[in-house]
Amino acid sequence: MATITRIQPRALVRASGGPRYAVALAVDALGTGLLRPFLLLYGVTVLSLSAPATGIAMTAGIVVGLLCMPAVGRWLDRGARSTVVAASMLVRVLGVALLLATPAGHVWPFATAALFLGIGNQAWPAAHAALVATIAHGRERDAALAAGRALRNAGLGVGALVATVCLAGGTSALRALAAVTGLAYLAAAALVWSVRLRARPADTPAEHEDDGPPPRMRALLAANVVYVFCLNVPEIALPLILVTQLHASPVWSAAIFVANTVLVVTLQVPVTILLSRFSRRAVLALAGVVLAVSYLGFLAATSLGNGWGAPAVAAVSVVCTLGEIVYAGSATALVTALAPAHVLGRTLARFELSTGFGLAVSPAVITALAPHGPTALWGSLTAATLLSAGAVATEKDRGTPQESRL
């Protein structure tokens, strides 16, 4: 069984796409962090739209953006790599341009801008994973994917911090942030385009050169919809519980979000490397168990009431973040290992569809369960996540490369 025992920064950068690509990822993430967390605020304050209309437009953009994934998968399977990544950035440039051109009070131009932003945001993960899988293989690829996630979270965090400071400038500051975001996307797209990477048969290991069908992954895809709820727990579930049920200061929510970002940035690569001695499927199942334990921890923490409830929730959030790190380090890696090379793009596109669907429905599910009490919320998440972990652990890999069993 192949494992990685140490981090070699230069090799990791090379396996992740090279220095220019790494810079492009950082610039793209920084620009995304400047705008994405405040897109709702932009619609309400700058464009004078109602909050429900703005939220519906954003949700529609995400959902309709998912419909582009089959086409993205086919494009990737024709050999395109850096071109698809650059295109995912350029389409967001168009979205930002439409956003800046939208007159106040007009919801349809805003909805169109949200659609283009959604298309870019949905297409990027699959395109990035396919690019990395073309350069790196085996456990080196897993580490490279983890490094990309850590770098992206760092850029998102810095961008959101800068944007938060700039919000004191009002609507003019939001417009300026949007303009800077568009420029960042454009610069990142140019850098990625300069990489000029395509998939060739010579780039693919012999064990991947087969004509097998795309792996079904039915249990994995269904489980992934539940797993991705963990990504919205720090941003939606915990602030909702802390403010409405524990009546805690919003500072606790901010601290948890910052801690989550710092932990992901610092631990994503080391934890992925540490767990490389185990099979990816076993690690992904373990992630579900860790997440389920954290959900039970949140249930216990909320029972402590106003005094110790908020500190307890903050402490348990560290366990939840560790589960998120284990999940993120194994899920995409498992999918790339399962997929025959000639259908890698379509396989990643299907996986991204399940991720996007989970991210789209999780806010509605969380906000619907929360008013019924902590047991309804955390108990339901625990049961669903444990069932998903069991499905992942027991699913059989048929007609897949040998690497999928590592």
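Summary table
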| item | result |
| --- | --- |
| Checking R92 against (1) under 19 Å from V46 (Cβ atoms); (2) modelled with pLDDT under 95; (3) among the basic types (K, R), the condition it does not meet | (2) |
| Residue in the range 63-74 that is open to solvent by less than 10 Å² (accessible area, probe 1.4 Å) and of a type in the set (A, V, I, L, M) present | yes |
| Residue within the range 322-342 that is farther than 20 Å from V225 by Cβ, over 24 Å from the mean Cα position of the chain (by Cα) and either of a type in the set (A, V, I, L, M) or surrounded by fewer than 24 Cβ atoms within 10 Å (Cβ to Cβ) (or both) present | yes |
| Within the range 157-210, considering residues that are touching a Gly at 6+ places or on another chain (Cβ under 6 Å) and not basic (K, R), the one modelled with the lowest pLDDT | A199 |
| Among (1) assigned to a helix (DSSP H, G or I); (2) buried (at least 21 other Cβ atoms within 10 Å of the Cβ) - the single one P37 does not satisfy | (2) |
| Test: residue in the range 294-311 that is open to solvent by less than 50 Å² (accessible area, probe 1.4 Å) and closer than 18 Å to A391 by Cα | no |
| Residues of the range 151-172 that turn out to be surrounded by 20 or more Cβ atoms within 10 Å (Cβ to Cβ) and either under 14 Å from Q268 (Cα atoms) or among the hydrophobic types (A, V, I, L, M, F, W, C) (or both), as a count | 7 |
| Pairs with Cβ under 7 Å, 6+ apart, first in the range 48-68 and under 19 Å from V225 (Cα atoms) and of a type in the set (V, I, T), second buried (at least 16 other Cβ atoms within 10 Å of the Cβ) and modelled with pLDDT of 85 or more | T59/A360; I62/G118; I62/G356; I62/A360; V63/A360; V64/L115; V64/G118 |
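Conditions tested, residue by residue: (1) more than 20 Å from A129 (Cα to Cα); (2) of a type in the set (V, I, T); (3) within 19 Å of the chain's Cα centre (by Cα).
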{"residue": "R14", "(1), (2), (3)": "no, no, no"}
{"residue": "T45", "(1), (2), (3)": "yes, yes, no"}
{"residue": "S48", "(1), (2), (3)": "yes, no, no"}
{"residue": "A51", "(1), (2), (3)": "yes, no, no"}
{"residue": "T59", "(1), (2), (3)": "yes, yes, yes"}
{"residue": "M69", "(1), (2), (3)": "no, no, yes"}
{"residue": "V85", "(1), (2), (3)": "no, yes, yes"}
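Rundown of residues vs (1) in contact with a Ser or Thr (Cβ under 8 Å, 6 or more places away or on another chain); (2) closer than 20 Å to H342 by Cβ, yes/no style:
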{"site": "T83", "(1), (2)": "no, yes"}
{"site": "V91", "(1), (2)": "no, no"}
{"site": "L100", "(1), (2)": "no, no"}
{"site": "G118", "(1), (2)": "no, no"}
{"site": "A136", "(1), (2)": "yes, yes"}
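The values are calculated or read from the model by the stated rules, or taken from the named source; none is laboratory data. What you see is a predicted model, and the numbers here were worked out from it, not measured in a lab. Counting neighbours? That spans all protein chains shown, and the Cβs are built from the backbone with ideal geometry, glycine included. Side chains included, ligands, DNA and RNA excluded: accessible areas come from the protein's heavy atoms. Shrake-Rupley method; radii C 1.70, N 1.55, O 1.52, S 1.80 Å.
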